[in-house]
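Notes to accompany the following structure.
The values are calculated or read from the model by the stated rules, or taken from the named source; none is laboratory data. Because the structure is a prediction, the values reported are computed rather than measured. Every residue, glycine as well, gets a Cβ built from its backbone with ideal geometry; the counts of neighbours run over all protein chains shown. Note: areas computed on protein heavy atoms with side chains; ligands, DNA, RNA excluded. Shrake-Rupley method; radii C 1.70, N 1.55, O 1.52, S 1.80 Å.
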Amino acid sequence: MHNDSSLIDNKNTKSIDPALQGQVFATDIIKSASKSKRFYIESYGCAMNFSDSEIVASILDKEDYSPTKQIEEADLILINTCSIREKAEETVRKRLFIYNKAKRNRPGTIIGVLGCMAERLKSKFLEEEKLVDIVLGPDSYRDLPVLIKNASAGERGINVLLSREETYADISPIRLDSNGVSGFISIMRGCDNMCSFCVVPFTRGRERSRDPYTILAEAKEMQEQGFKEITLLGQNVDSYKWQHPESKEQISFSDLLIMVAKVDPQVRVRFSTSHPKDITDDVLYAIRDYHNICNYIHLPIQSGSSRILELMNRTYTREWYISKIDRINEIIPNCTVSCDIITGFCTETEEDHLETLSILEYCNYIFSYMYYYSERPGTLAARKYADDIPLETKKRRLQEIVDRQGELSYNSNQRDIGSTFEVLIEGNSKRDDQEFKGRSSQYKMVVFPKKEGYKVGDYAQVKISSATRGTLRGQII
Ligand code: SF4
């Protein structure tokens, strides 16, 4: 999972749904009546951070806190931060300025910084941000109650220890601002890859896979709560592997996918994020053989040039990646793929750039997360390579990639006109509450008029009549 944070606001640049950015959560208002304290939380970055905020909400629930959307009524203000790009950190600084104002208006309010930026900056955060009371890294959320108690007594606190065991497997997340249809389950934490541009191994530590039976229990709980779609989360889900300490039973990612798919054939299963070097045929067979494992894979490539991939330490070549795309098309013909691209990496030439443009064509992605390289302190690339591509060149190359991807997304959607897709109704369309929106198994957004007898959480067979770059439109048949 990578760099979901930096937004480039053009139609075909996707990141975590912009509407989700800085999401404040207050789902459990009903429960809040019994709670004496309120917390306000904003989350930034990748889905792992959003999932972690649900773990934090569960820990706070036991400390008599409930969520609020009103910052001015919060006793505790938290920001779950991302550190993947400079821009993400700038956003955090701007938000802290707002929180400081709220604190001045309401003395005694506690401000806490969570997530990857907290882990990257550690105590420097307390030195630089005088009004921050708590700094907690991604593996230290169990310590929140103690640090809140200390902060209430005027003692600022920090815990940024990374763990080799922590998976929060015993904590049942409180779903924040969920549509009640789709939800995340984090299946592992950390990353053992050392992509030279990435801070994640330094901010989230070594890889560890969660006990599959706790994942299964959480999936059953979600199914009982009426969820119709579960996304299994990890920095690199394909390297998920778990061994029972006594029986030595081994569970691979494809095993886990099938275990979760068997919970209820009416509950869809998705996963994010895959790594080209680790994705196996067994995962592809599981997608082929189980209707409710969705026909969509997010498979970051980062660059189309093998020379740049080597400098990025991605541990695969352009040819290896293409062989994976060929395998996907062979085993699951109507499977769609999306990717991550970083352009303007150190020493990137026009030839390298053209290789990235041509790989877009070959792979025919339905969309991509696209960024220009942002040097991150402490990473291998920052230590070894000069960030030598001029910003203007980075921006020009990025725009060319965005434009090419836009054409591909448009053509892919145009080819769907006349076809019928099974769509999971997620809610009302943004533009017209007489219309539903939802996604096909291929992760395409579909908008269509409401029809008697259909509600959020139902599946509908939708025949596509028109399409834009980002959306398919049709009618229930
Ligand atoms: S190190 Fe590589 S695989 Fe791991 S999170 Fe970063 S970009 Fe993804």
Legend entry - Reachable aspartates and glutamates, given that their alpha-carbon falls under 18 Å from the alpha-carbon of Lys248 and they are not under 8 places away in the same chain: Glu165, Asp211
Legend entry - Positive-end residue, the chain charge dipole about Cα centroid, Cβ charges, pick of Ser172, Phe227, Ala57: Ala57
Inset, instruction - Can you check what the net charge comes to around Thr343, using other residues whose Cβ is under 10 Å from the Cβ of Thr343 (Lys, Arg +1; Asp, Glu -1)? - result: +1
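Taking the Cα centre as origin and putting +1 on Lys and Arg beta-carbons and -1 on Asp and Glu beta-carbons, what dipole magnitude results for the range 420-476, to the nearest 20 debye? Before the final figure, lay out each step's value.
Numbers: 11 positive and 7 negative charges, 48 e Å.
Around 240 debye, computed over the range 420-476.
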Inset, instruction - Could you point to the residue in Asn105, Thr280, Asn428 farthest towards the positive end of the chain's charge dipole, with +1 and -1 charges on the Cβ of Lys/Arg and Asp/Glu respectively? - result: Asn105
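Which of the GluC sites (Glu not before Pro) found in the range 125-201 are in a DSSP loop and have at most 10 neighbouring Cβ atoms, other than their own, within 10 Å?
Glu155, Glu165
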Legend entry - Partner aspartates and glutamates for Lys69 [C-alpha distance under 13 Å; skip if fewer than 8 residues away on the same chain]: Asp28, Glu42, Asp177
Legend entry - Carbon/sulfur fraction of accessible area - the chain, other protein chains in place, 1.4 Å, %: 51
Inset, instruction - Filter the cross-link list Lys101/Lys122; Lys62/Lys103; Lys220/Lys324; Lys122/Lys220; Lys37/Lys122 down to pairs whose alpha-carbon distance in this structure exceeds 29 Å. - result: Lys220/Lys324; Lys122/Lys220
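With +1 assigned to the C-beta of every Lys and Arg and -1 to the C-beta of every Asp and Glu, and no other charges, what is the dipole magnitude of the chain about the Cα centre in debye, to the nearest 20?
On the way: 65 positive and 70 negative charges, 195 e Å.
For this selection, approximately 940 debye.
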Inset, instruction - Could you work out how far the C-alpha centroid of the range 210-274 sits from that of the range 408-444, in angstrom? - result: 26
Inset, instruction - May I ask for the distance between the Cα centers of the range 304-350 and the range 353-407, given as a whole number of Å? - result: 12
Legend entry - Candidate lysines - alpha carbon under 20 Å from Lys450, same-chain residues fewer than 8 apart omitted: Lys228, Lys430, Lys437, Lys463
